[in-house]
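A short write-up of the structure that comes next.
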Amino acid sequence: MSNSPIVSLKGVNAGYADEVVINDVNLDVFPSDFIGVIGPNGGGKTTLIKVILGLIKPISGEINWNKADGILHIGYLPQTNFNDKYFPISVKEVVFSGLMSKKNFIVGYKKKDEEKIHKVLELMGIPHLAHKNIGELSGGQMQRVLLCRAIISEPGLLILDEPNTFVDNSFERDLYDLLKELNKEMAILMVSHDVGTITSYVKTIACVNQYLHYHKSNVITQSQLDSYNCPIQLITHGKIPHTVLGDHNHNHSHD
Amino acid sequence: MIRELSSLFEYQFFTNALAAAVIANISCGIIGSYIVAKRMVFISGGITHASFGGIGIAYFLGLNPVLGAAVFSVLSALGIEWVSGKSNVREDSAIGILWSLGMAIGIIFTFLTPGYAPNLMSYLFGSILTVSKTDLWLIGALAVVLIIIFTRFYHLILFIAYDEEYARSHKAPVNTVKYILISLIAIAIVLNIRLVGIILVISFLTIPQSTANIFTKRFSRIIFLSIFFGIVGSTGGLLISYFYNIPSGATIIFVFVVIFGIAKLFKASQVKLSLKRQMKRL
Ligand SMILES: Nc1ncnc2c1ncn2[C@@H]1O[C@H](COP(=O)(O)OP(=O)(O)OP(=O)(O)O)[C@@H](O)[C@H]1O
Ligand SMILES: [Mg+2]
């Protein structure tokens, strides 16, 4: 794989109206990266994602998107879905909207698209929902539909903002295994509060709390986190082997 | 009765009215489905009433009222769309202000106009029985434009309407599409004001669509079904208004609501039936 970054942020400041939320962020995302983004509520993780998606323009600093062969496609799973639950749109149509691109805004379904839609629905275990209206889905089913939408275009970068909020834990494990598989083809950037679990899947960790500290390993210690000014507790539910949490500090989390 | 009915179709005014109703329902079926799906009924009400300001000013200046209404409603529509993009403005309050401002301007200027607009009433309540050839051409042109846009860009419109942020993240031309659609809403409203009037025009854009929505949740089917219900309701309304000699616009809307009520009852009885069947199987 090529060694130039697909997204690169240099000294980015960004926020809303008169409030700067993230400061002086430097980050290069490479084609084979799997970055776990952690940080406290309101730390600016979602804001960072919106900058990378081009939804928020940086107040200052620079962001570049590159791809050797054409435009970079980014698949995106939003953290919260404020869309009208009773909007007249079917599961199939929502998934199809993931194929919308600058080159391809006006066409209807092609046979190739039908196959792609079917394939991702199968992958997420919901082919039976294809013709349902979105108003008829449960929260977790909706989350899976939105995951389908995010990956259907086989994007160069997949961004997931807390993908595990609604899904049950058996699917959660399947999901992480699937992401590992997808990571062979695309870069992934995933926000999660379940620090313990993600460290066993991601390759690197970005701590976002107004500033971004990039930790180029998936092994991190509590003292490192503290030095990044990232008030997160490492030990979660003992679901994962403690070794991934670093050598010394994993059993100090209660103090 | 049959003879009376067939002789009715020999009257130019009646066939014109019927043609107007059919064509109007095609464009209202399309753009109204968008309005209902996006919950823009209140916005559409605001645009409708704002256009009255344009009618008043046009009377005062001796211009064509439809032209005045068109300019006013398109401008206010674009204004509303622009305001709704700003996060620090409460959209519904802004619409409320525009709504009453348009009416106020309309009333003041028609009052100031010497000879005091005798057919002002026809803009408030419409006059489908007096539509002209020009009116027919105009609503026909709008229907053609809408059919082309909604067949060619169906998915783009649907995706932007459903999830604007996601569409933006895919670099879709979100603002362009939204501004074009709200302008088309404004134009559809103005042209239909001639037929059913300011006070009743919103019903053409919402009642057949809500009736369709009872039977299907698919956007494309809502469009087709609402055109169907719109045409049936308007034809029925026109006939009844003729035979009982009551105002046509109001009668059409009354028939719309009756069809809506019947549809609701029909659906409810169907649901009950299928529930009963399921219970039996258990
Ligand atoms: N649309 C908005 N307008 C104004 N301020 C906002 C907006 N969205 C977020 N903020 C502010 O920006 C800051 C960062 O928010 P952001 O959503 O990026 O946090 P986060 O790290 O994703 O938090 P969480 O873990 O709760 O999802 C917060 O202080 C929040 O109040
Ligand atoms: Mg967030």
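Among the trypsin sites (Lys or Arg not before Pro) within segment A:85-160, those in coil by DSSP and having at most 14 neighbouring Cβ atoms inside 10 Å are A:LYS85, A:LYS102, A:LYS103, A:LYS110.
Computed over the alpha carbons of segment A:87-154, Rg followed by Dmax gives 11.2, 33 Å.
Placing +1 on the Cβ of each Lys and Arg and -1 on the Cβ of each Asp and Glu in the protein assembly as shown, which of B:PHE60, B:GLY46, B:ILE139 has its Cα farthest towards the positive end of the resulting dipole? Checking the options against the dipole of the protein assembly as shown, the answer is B:ILE139.
By the rule of a C-alpha distance below 17 Å, with chain neighbours fewer than 8 residues away ignored, the lysines paired with A:LYS92 are A:LYS110, A:LYS111, A:LYS112, A:LYS116, A:LYS119, A:LYS132, B:LYS217.
For A:ILE71 and B:LEU78, the FRET efficiency from 1/(1 + (r/R0)^6), where r spans their Cβ atoms and R0 equals 25 Å, is about 0.25. Based on the Stokes-Einstein relation at 20 °C and a viscosity of 1.002 mPa s, and on the Kirkwood radius from alpha carbon pairs, segment B:1-83 is assigned a translational diffusion coefficient of 141 µm²/s. With K and R counted +1 and D and E -1, the other residues having a Cβ less than 12 Å from that of A:VAL25 yield a net charge of -1. Of the residues B:ILE207, B:ILE26, the one with the fewest other Cβ atoms within 10 Å heads the list, and the complete ranking is B:ILE26, B:ILE207.
If you count Lys pairs in segment B:2-202 whose Cα atoms are under 22 Å apart, skipping same-chain pairs closer than 8 places in sequence, the total is 5.
Semi-axes, largest first, in whole Å: what does sqrt of 5 times each Cα gyration tensor eigenvalue give for the protein assembly as shown? Please report the intermediate quantities before stating the final value.
Working: eigenvalues 589, 151, 74 Å².
Equivalent ellipsoid semi-axes, largest first: 54, 27, 19 Å.
Quick check for me: using +1 on Lys/Arg Cβ and -1 on Asp/Glu Cβ, what's the dipole size of segment B:2-202 about its Cα centre, in debye to the nearest 20?
On the way: 11 positive and 9 negative charges, 51 e Å.
Roughly 240 debye for segment B:2-202.
Placing unit charges on the Cβ atoms of the charged side chains and taking the dipole of chain A about its Cα centre, the candidate lying farthest along the positive direction among A:PHE96, A:VAL167, A:MET142 is A:PHE96. A straight line joining the Cα centroids of segment B:217-282 and segment B:180-202 runs 22 Å. Put simply, chain A fits an ellipsoid with semi-axes of 31, 22, 17 Å; these come from the alpha carbon gyration tensor as the roots of five times its eigenvalues, largest first.
Taking every alpha-carbon pair in segment B:94-208 and binning the separations at 5 Å intervals from zero gives 2, 9, 14, 18, 17, 15, 12, 7, 4, 2, 1, 0 percent. Over all orientations, segment B:2-202 has a Cα convex hull whose mean projected area works out to 12.8 square nanometres.
Using the eigenvalues of the Cα gyration tensor, what equivalent ellipsoid semi-axes result for segment B:234-281 when each is taken as the square root of five times the eigenvalue, whole Å, largest first?
Details: eigenvalues 263, 11, 6 Å².
They are 36, 7, 6 Å, listed largest first.
If R0 is taken as 35 Å, the Cβ-Cβ distance between B:ILE240 and B:SER93 corresponds to a FRET efficiency of 0.30.
Given R₀ = 41 Å, what would the calculated FRET efficiency be for A:ASN26 paired with A:PHE82, taking r from the Cβ atoms and rounding to 0.05? Efficiency, rounded to the nearest 0.05: 0.85. Per-residue Cβ neighbour counts within 10 Å put B:GLU4, A:GLU93, B:GLU91 in the sequence B:GLU4, B:GLU91, A:GLU93, beginning with the fewest. Most simply put, segment A:75-216 has about 45% antiparallel DSSP beta bridges, counting only bridges with both residues inside it. For segment A:54-191, the alpha-carbon coordinates run over 43, 36, 31 Å along the three principal axes, in decreasing order.
With pairing defined as another cysteine C-beta under 4.7 Å, the cysteines of chain A that fail it are A:CYS148. When every Cα-Cα distance of segment A:119-173 is counted in 5 angstrom steps from zero, the calculated P(r) takes the values 4, 18, 31, 27, 16, 4, 0 percent.
Solvent-free Debye calculation, one equal scatterer per alpha-carbon of segment B:39-114: log10 I(q)/I(0) at 0.20, 0.21, 0.26, 0.27 Å⁻¹ equals -0.75, -0.81, -1.07, -1.13.
Note down the net charge around A:TYR86, summing +1 for each Lys or Arg and -1 for each Asp or Glu among other residues with Cβ under 15 Å from its Cβ.
On the way: positive: A:LYS85, A:LYS132, B:LYS38, B:ARG39, B:LYS217, B:ARG218; negative: A:ASP84, A:GLU93, A:GLU136, B:ASP163.
Within the 15 Å Cβ shell, the charges total +2.
Of all DSSP bridge pairs formed entirely within chain A, close to 55 percent run antiparallel. Here the sum of -39500 (n - 2.57) over DSSP H runs of 4 or more residues, divided by the residues of the protein assembly as shown, equals -18500 deg cm²/dmol at 222 nm, to the nearest 500. Note on segment B:158-177 and segment B:11-89: Cα centroid distance 24 Å, given to the nearest whole angstrom.
State to the nearest 20 debye the size of the charge dipole of segment A:87-154 about its Cα centre, where the only charges are +1 on K and R beta carbons and -1 on D and E beta carbons.
Numbers: 11 positive and 7 negative charges, 48 e Å.
Taking the Cα centre of segment A:87-154 as origin, the dipole is about 220 debye.
Bear in mind these aren't lab numbers, they're just calculated from the coordinates by the rules spelled out. Treat the numbers as computed from the prediction; the structure is a model and nothing was measured. We place every Cβ from the backbone using ideal geometry, glycine too, and count neighbours over all the protein chains shown.
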